[in-house]
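Only one structure is covered here, and it is reproduced in the block below.
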Amino acid sequence: MDGIPPERMVTDSWPALHGRPVLRRTVAVGLVLCVSVAAALVVRGVNALTVGRVGRETDRDRAERLAGLHPSQHPGAQRYYVPVGAVYTRTSDGAPVAYLHYRLGGGKDLGLGDFLRTYDLPEPGPARKLPPDLAAALGGDEPAEAPELPEQPEPSASAPPSAPPSPPASPSAPAVLAPPAAGQASAEDPTDGSPDGPADEASGAAPDISPDPTADASPEASPDTEAEGGVPTWTPTSTPSAIPTPAPTPTARRIYVATIPGGLPGAADIYVRATG
């Protein structure tokens, strides 16, 4: 290929560009712009397809959710804290368990007080021993004991327990009042014989045995009755049955606060153990 000019080799595939450098540059710039626009459209299409999709949940997200410290569980908080250590595993019986370690640098904005306000936690209580599995899971320089945050307040033991609902009283047949013997005074009204008392039995007036209109009508009785001591027992034909609702499984969470000596005010290590 000796003796062939370089520009002739480039323009042999497109003879119209031979000897026209301005047109060659225009075509090259147009090709570059077309490739750039196509690449931008591809990127925009990928973003449009993936927008709004939830990313892959990691073990740290699962651990934070189990402990109730995930940012999505506290939408009103102005900030959230990212743990420096997180372990999510399961016990031998299959129950999930999470271990978290937060390190607070201290100061006005990143101290212990702000951490407690962010997650609506109480102040630390007396020192307790850390669970051995927590130190084994995080594998750091956890202390042997640290002040523990108190658990959620339980109902006071002094409050009287709520009485269980009393069973409905079994209906009974209306009793027929027997007229008292002649000359016998009524035990309920001591003014018998007075002008304002009931009529004399000798007058022959029948006692008023009309049923009380305010009394509840007895429910329909079941045809199957049992006699107990000579008194028939009446049972309603239908009794409303309550459908038991399973109670949600509570999450046991234990939080320990170990202050960092020599650090800024509020500097502390937060250790969390949560089981579901």
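Each value in this text was obtained by applying a stated rule to the coordinates, not by laboratory testing. Remember, it's a predicted structure, so these values are computed and weren't measured experimentally. In this analysis, Cβ positions are derived from the backbone assuming ideal geometry, glycine residues included, and neighbour counts consider all displayed protein chains.
Ordering L33, L134 by the number of other Cβ atoms within 10 Å of each residue's own Cβ, fewest first, gives L33, L134.
Couplings 3J(HN,Hα) for region 141-149, derived from phi with the Karplus relation 6.51 cos²θ - 1.76 cosθ + 1.60 (θ = phi - 60°), are 9, 5, x, 6, 8, 7, x, 9, 6 Hz, where x marks Gly and Pro. Look at H101, H74 and count the other Cβ atoms within 10 Å of each Cβ; fewest to most, that gives H74, H101. Backbone phi angles across region 252-257, fed through the Karplus curve with coefficients 6.51, -1.76 and 1.60 (θ = phi - 60°), yield HN-Hα couplings of 8, 10, 10, 10, 10, 10 Hz in residue order; Gly and Pro are listed as x. Sorted fewest first by neighbouring Cβ atoms within 10 angstrom, V272, V43 come out as V43, V272. Residues in region 67-74 carry Karplus couplings, in order, of 7, x, 10, 7, x, 5, 8, 9 Hz; the curve used is 6.51 cos²θ - 1.76 cosθ + 1.60 with θ = phi - 60°, and Gly or Pro positions show x.
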